[in-house]
Amino acid sequence: MNLPLPVPTALSKPYWQALSEGRLVFQRCSCGHAWLPARRHCPACLGSDLQWEQASGKGRLLSWVVYHTAYHEAFASRLPYNVAIVELDEGPRLITNMIDAYDQLRGDAPVQLAVQHEDGVALARFRMDTGA
Ligand SMILES: [Zn+2]
């Protein structure tokens, strides 16, 4: 069974386009607030003076869960797999997967962007940043 994949919209297209080029981008408002995923208005001030900005790809692992049960058939062969929350150095947080084995994950540890492709779609995943 195929993995359920994201369907880019006009709003999110810059995000997916950048990932296909190996870059992670997020939106920033003229008030300074930055976030993911894409929105039409700033969640801090409701302004609409927004720009896309490229992330460094560095962040930290805030939290994660490890699934031992597949709630969708397409994930059965991936068990156990993790779903993580990463906070980018620039501030935005995203729900993602860590590519490291789950017993290697450490809370608050530095992480680095690792773009991976699934059925031709580039996805923002992360790996532990050991500084190597
Ligand atoms: Zn704002």
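Data table
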quantity: Least to most buried among ARG23, ARG28 (fewest other Cβ within 10 Å first); calculated: ARG23, ARG28
quantity: From phi via Karplus (6.51, -1.76, 1.60), per-residue ³J(HN,Hα) for the stretch 37-48 in Hz, x at Gly/Pro; calculated: x, 4, 9, 7, 9, 5, x, 8, 10, 6, x, 10
quantity: Span from the the stretch 83-117 Cα centroid across to the the stretch 1-61 one, whole angstrom; calculated: 16 Å
quantity: Efficiency of FRET from Cβ geometry, ALA74 and LEU46, R₀ 30 Å, rounded to 0.05; calculated: 0.20
quantity: Local electrostatic count, ASP100, Cβ distance below 11 Å [Lys/Arg +1, Asp/Glu -1]; calculated: +1
quantity: Virtual spin-label span in nm between GLN116 and ILE95, 7 Å along Cα→Cβ; calculated: 1.7 nm
quantity: Phi-based couplings in Hz for the stretch 52-69 (Karplus 6.51, -1.76, 1.60; Gly and Pro marked x); calculated: 8, 9, 7, 7, 5, x, 9, x, 9, 7, 7, 6, 7, 10, 10, 8, 10, 10
quantity: Distant-in-sequence amide H partners of ALA70 (H built 1.01 Å from N, under 5 Å); calculated: none
quantity: The chain, relative contact order [Cα under 8 Å, separation at least 6], %; calculated: 22 percent
quantity: Along each principal axis, Cα extent of the chain, largest first, Å; calculated: 43, 34, 25
quantity: Under 5 Å, built H, 5+ apart or other chain: amide partners of SER63; calculated: ILE85
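Values in this text are rule-based calculations from the coordinates and carry no lab data. Every value quoted in this text rests on a predicted model; they were computed, and no experiment measured them. FYI the Cβ positions are ideal-geometry reconstructions off the backbone, even for glycines, and counts take in every protein chain you see.
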